[in-house]
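Enquirer: What follows is a structure written as structure tokens; I'll ask about it next.
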Amino acid sequence: MELYLPVVVLSALAGLFAVGSVMMSAVVGPRRYNRVKVDSYECGVQPVADAGRGNRTIPVRYYTIAMSFIIFDIEIMFLVPWAVHFDQLGSFGYVAVVLFILNLSLAYAYEWRRGGLEWD
């Protein structure tokens, strides 16, 4: 049990810091809200007015590009353990990574062909 004590103490400190930061921002922070501060903002993409609902929404195209980036970025991170232990994996590891890269390349080609990587 003594091996887990540093993990428990660090987790408790992190939790206290998170709760304390939220509480202090509510106590010390400014309370002057205006329309610009409460309006939605998504990394420079201007929200588009939706006539049907009367509110402002962010284009779906923004989220599809962001999700494609995250998916391909995470798939590339699966190659890091393979690169670290390349010499220990042998031919099975080599074939597995070739199949993985082939699968990744097909998904990338499909996304490119579909026009999902173009920023309009």
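Enquirer: Which of GLU118, GLU75, GLU2 comes first, and how do the rest follow, when ranked by fewest Cβ neighbours within 10 Å? All intermediate terms of the calculation are to be shown ahead of the outcome.
Expert: Numbers: GLU118 9, GLU75 15, GLU2 5.
In increasing order of surrounding Cβ atoms, one gets GLU2, GLU118, GLU75.
Enquirer: Still on this structure, I have one more. Spelling out what I want: for every residue of region 90-99, take phi, set θ = phi - 60°, compute 6.51 cos²θ - 1.76 cosθ + 1.60 (Karplus), and round to whole Hz; glycine and proline get x.
Expert: x, 6, 4, x, 5, 5, 4, 6, 5, 5
Enquirer: With θ taken as phi - 60° and the coefficients 6.51, -1.76 and 1.60, list the Karplus ³J(HN,Hα) couplings across region 17-28 in order, rounded to whole Hz; mark glycine and proline as x.
Expert: Going residue by residue, I get 5, 5, 5, x, 5, 5, 5, 5, 5, 6, 7, 8 Hz, with x marking Gly and Pro.
Enquirer: Given a Förster radius of 22 Å and the C-beta distance between ALA83 and LEU106 as r, what FRET efficiency does 1/(1 + (r/R0)^6) yield to the nearest 0.05?
Expert: Values: r = 21 Å, r/R0 = 0.97.
Calculated transfer efficiency: 0.55.
Enquirer: Ok, one more. Can you run phi through the Karplus equation (6.51, -1.76, 1.60; θ = phi - 60°) for region 107-112 and list ³J(HN,Hα) in whole Hz, with x for Gly and Pro?
Expert: For region 107-112, the Karplus-derived couplings read 5, 5, 5, 4, 5, 5 Hz, x marking Gly and Pro.
Enquirer: Order by neighbour count: TRP119, TRP112, TRP82, fewest other Cβ atoms within 10 Å first, most last.
Expert: Numbers: TRP119 6, TRP112 11, TRP82 15.
So the ranking, lowest neighbour count to highest, is TRP119, TRP112, TRP82.
Enquirer: Here's a follow-up. What FRET efficiency comes out for the pair ASP73/ALA18, r = Cβ-Cβ distance, R0 = 25 Å, nearest 0.05? The partial results should precede the final answer.
Expert: Numbers: r = 26 Å, r/R0 = 1.05.
Calculated transfer efficiency: 0.40.
We did not get these values from a lab; they are worked out from the coordinates using the rules stated. Nothing here was measured: the structure is a model prediction, and the numbers come from that model. Here the Cβ is made from the backbone with ideal geometry for all residues, glycine too, and neighbour counts use every protein chain on show.
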